[in-house]
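Input: a single structure, listed below in C-alpha cells.
The values are calculated or read from the model by the stated rules, or taken from the named source; none is laboratory data. Since we're looking at a predicted model, the values are computed, not measured. Here the Cβ is made from the backbone with ideal geometry for all residues, glycine too, and neighbour counts use every protein chain on show.
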Amino acid sequence: MLLAWTFYLLAQHPGFDRELRGQLCHVLGDRQPELAQLPELTLLDQLIHESLRLYPPAWSIGRRAIEDVQIGSAEISKGSLLVVSPWTMHRSERFYAHPTEMRPERWTEAFRRQLPKYAYFPFGGGPRQCIGEGFAWMELKLLLAVLLRDWRVELIPGQNIRPKPAITLRSNHPIRVVVHRA
C-alpha cells in the first residue's frame, strides 16, 4: 500500500514529481539503479520518508506492559495494553511544521538529527522493530527509482480517497491513476 500512497502524494504534487525525475535522470541516466547510487538520490529518500510519515503502514502498534511503570503522570499496571500511533505522532505539530501537508524537503540531515527518538517510527521501534525495515527501504528506493524515472502518475479525477485503518493503513477505495510515459 505504501507504493499506492506514494503515487497518490506524487500525483498531487507535479512540481516535486518533475524535480525528482530530473534527479533520477541525472544520477541514473539510462542505466538501472545500483545500490551504490541510492545515497545520491536524496529527493527519493525525502519522498519515501514523507510518504511513510503521512501514511505509515502500521498506523498503530499495541504492546502489553510487562511490569508496573510510570510514564509522566500516568501509572501503567503490569498487563495493561498500550497503543502507540505512528499516524498520530507523525502528524504532531510539536515535531512537524504543517504536519498534514506533503513536504519532502523537511527531511534534511539537520531536521533528522533534531527530531526526537520515536517522533518518527514507521517501522515500530525497540526490540520488536520490523525486522524487514532495511529490506523495505532498499526495495522501495530501487523500485521507485526505476518507475519514477520513466513514468508519471495522474490521479483520475473525482475520487474521494481517505485512509481506512485496518491491520495496516489502507485506502477506503482503490487509488486509481493514469500512468504516462515521462
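Given the condition farther than 25 Å from Glu93 by Cα and at pLDDT 95 or above, answer yes or no: does some residue in the stretch 119-130 qualify? Full working, then the answer.
First, the residues of the stretch 119-130 that are farther than 25 Å from Glu93 by Cα: 127-128, 130.
Subsequent filtering for residues that are at pLDDT 95 or above retains none.
No, the stretch 119-130 contains no residue that is farther than 25 Å from Glu93 by Cα and at pLDDT 95 or above.
Select, from Ile71, Ile156, the only residue that is over 13 Å from the mean Cα position of the chain (by Cα), of a type in the set (A, V, I, L, M, F, W, C) and over 24 Å from Tyr8 (Cα atoms). Break it down into steps so the answer makes sense when it comes.
Details: Ile156 fails: over 24 Å from Tyr8 (Cα atoms).
Just one listed residue meets the conditions, Ile71.
Looking at Arg170, Arg103, Arg162, Arg112, which one is under 15 Å from Leu52 (Cα atoms), of a type in the set (D, E, K, R) and in contact with a His (Cβ under 9 Å, 6 or more places away or on another chain)?
Working: Arg170 fails: in contact with a His (Cβ under 9 Å, 6 or more places away or on another chain); Arg103 fails: in contact with a His (Cβ under 9 Å, 6 or more places away or on another chain); Arg162 fails: under 15 Å from Leu52 (Cα atoms).
None of the other options fit; the residue is Arg112.
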